[in-house]
Amino acid sequence: EKLDDIGIPFIEGGYAGSNPKDDEYFKLIKNIKFKQAKISAFGSTRKINGKIDTDPVINALLSSETELVTVVGKSSDIQVKKVLETTLEENLSMISDSIEYLKNRGRKVIFDAEHFFDGYINNPSYSLKVLETAMEFGADTIVLCDTNGGMLPNKVSEITNTVLETIKCQVGIHTHNDTDTAVASALAAYQSGATHIQGTINGYGERCGNANLVSIIANLQLKLGEKCLSEKNLVRLTELSNFVSETVNRAPFPYSPYVGKNAF
């Protein structure tokens, strides 16, 4: 409700079917009237060599009854071979089957291309083929994920530029902070044409964290002239940052850019 109230347009609410807490979340969220935000359920592509209509994750995504669904799929040939332990063609089928099935049932689909940047550096033709497959079968937004957080902004910008020469649907960016450049990389992708930016309030997330939406919003609006929030709500970013800190039982970080009490 706080995210909706301040003007965040999309809220990815949890991993459908993964645990009782997330399932309960999707039940409760149906009863909340939002001003403008859309809830998205998160899940993976169908199982290897599985049937799409009986796949538990795909059915859980549908059962969540969200207008938007976010589907994550591998876009690195190394990940497909060594982690999924399947063929490159089967991975493409998993992606196409999942997106097509969800689109045919009236869902808008955000496709998260997992390990995209690492995959592109190793095998650009396959990583681009993954994106082209997602686009062909109806993905509304394709998100380039720096899943390991190892990219620097210049590389993110260079590769995003290349992607946008091929991919004609909306392109997004999802960065992690393992090189302490998640915000900078997200902004670099934006300046290269990505118009959907994923992140978390205060950058909370696994390992070194995700891209900090508070800093991204402030930089987009105050430095790059992209109006993300109303002027009234932009001032409330500090309030939102502190609220989320308290909710997750962490003390607000005084050195946070823009919203920390020590910020210049």
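Values quoted throughout were computed directly from the atomic coordinates according to the rules given, and no laboratory measurement underlies them. Bear in mind the structure is a predicted one, so any value in this text is a computation, not a measurement. Cβ coordinates were reconstructed from backbone atoms using ideal geometry, including for glycine residues, and neighbour counts include every protein chain displayed.
Show that you can apply the helix-only estimate: for the chain, add -39,500 (n - 2.57) for every DSSP H stretch of four or more residues, divide by all residues, and state [θ] at 222 nm to the nearest 500.
Details: 11 runs with 102 residues, N = 264.
Value at 222 nm, helices only: -11000 deg cm²/dmol.
Show me, for region 16-28, the HN-Hα J-couplings you get by feeding each phi into the Karplus relation (A = 6.51, B = -1.76, C = 1.60, θ = phi - 60°), rounded to Hz, glycine and proline as x.
4, x, 7, 6, x, 5, 5, 4, 5, 4, 5, 5, 5
Along the Cα→Cβ direction, 7 angstrom out, place labels at ASP5 and THR87. What is the inter-label distance in nm?
Those two pseudo-labels are separated by 5.4 nm.
Assign one of three labels to the chain, namely rounded, prolate or oblate, based on the Cα gyration tensor with a ≥ b ≥ c the square roots of its eigenvalues; rounded applies when a/c is under 1.5, prolate when it is not and a/b is larger than b/c, and oblate otherwise. Walk me through the numbers before you get to the answer.
Numbers: a/c = 1.83, a/b = 1.30, b/c = 1.41.
Oblate is the answer for the chain, as a/c is 1.5 or above yet b/c matches or exceeds a/b.
Suppose R0 equals 51 Å. What FRET efficiency, 1/(1 + (r/R0)^6) with r the Cβ-Cβ distance, do LYS51 and ASN262 give to the nearest 0.05?
On the way: r = 55 Å, r/R0 = 1.09.
With a Förster radius of 51 Å, E is 0.40.
Find, to one decimal place in angstroms, the Kirkwood hydrodynamic radius of region 169-264, where the mean of 1/r is taken over every pair of different Cα atoms and then inverted. Don't jump to the answer; show the numbers that get you there.
Working: mean 1/r = 0.0729 Å⁻¹.
Averaging 1/r across every pair of different Cα atoms and inverting gives 13.7 Å.
For a paramagnetic label modelled at 7 Å from the Cα of LEU152 toward its Cβ, which residues of region 169-188 fall within the zone defined by backbone nitrogen distances under 16 Å?
178-186, 188
Going out from 0 in 10 Å bins, what whole percent of all Cα-Cα distances in region 217-264 drops into each bin?
In order of increasing distance, the bins hold 27, 49, 23, 1 percent.
Skipping prolines and chain starts, which residues have an amide H placed within reach, meaning under 5 Å, of the one on THR181, given they are 5 or more residues away or on another chain?
When sequence neighbours closer than 5 places are left aside, there are no close amide H contacts.
Anything over 19 Å Cα to Cα? Flag those among LYS108/LYS168; LYS108/LYS232; LYS35/LYS103; LYS74/LYS129; LYS2/LYS30; LYS81/LYS129, in the order listed.
Working: LYS108/LYS168 16 Å; LYS108/LYS232 30 Å; LYS35/LYS103 25 Å; LYS74/LYS129 11 Å; LYS2/LYS30 16 Å; LYS81/LYS129 16 Å.
Those over the limit are LYS108/LYS232; LYS35/LYS103.
Which value, in Å to one decimal place, does the Kirkwood hydrodynamic radius take for region 1-150 when every pair of different Cα atoms is included? Display every interim value, and only then the final one.
Values: mean 1/r = 0.0633 Å⁻¹.
Mean inverse Cα-Cα distance, inverted, gives 15.8 Å.
Compute the length gained on full extension between GLU132 and GLU246: take 0.36 nm times their separation in residues and subtract their Cα-Cα distance, giving the result in nm to one decimal. Display every interim value, and only then the final one.
On the way: separation 114, 0.36 × 114 = 41.04 nm, distance 4.18 nm.
Difference between extended and current length: 36.9 nm.
Hey, what do the phi angles of region 115-128 turn into as Karplus ³J(HN,Hα) couplings, whole Hz, using 6.51/-1.76/1.60 and θ = phi - 60°, x for Gly and Pro?
Once rounded to whole Hz, the list reads 6, 4, 5, 4, x, 5, 5, 7, 8, x, 5, 6, 4, 5.
Please list, ordered by chain and number, the residues whose modelled amide H lies under 5 Å from the amide H of VAL72; skip anything fewer than 5 residues away on the same chain.
Amide H neighbours of VAL72: GLY43, SER44, THR45, ASP112.
So what J values fall out for region 247-264 if you push phi through Karplus, 6.51 cos²θ - 1.76 cosθ + 1.60 with θ = phi - 60°, rounded to Hz, Gly and Pro as x?
In residue order, the calculated couplings are 5, 8, 6, 10, 5, x, 7, x, 9, 5, x, 6, 10, x, 5, 8, 4, 5 Hz.
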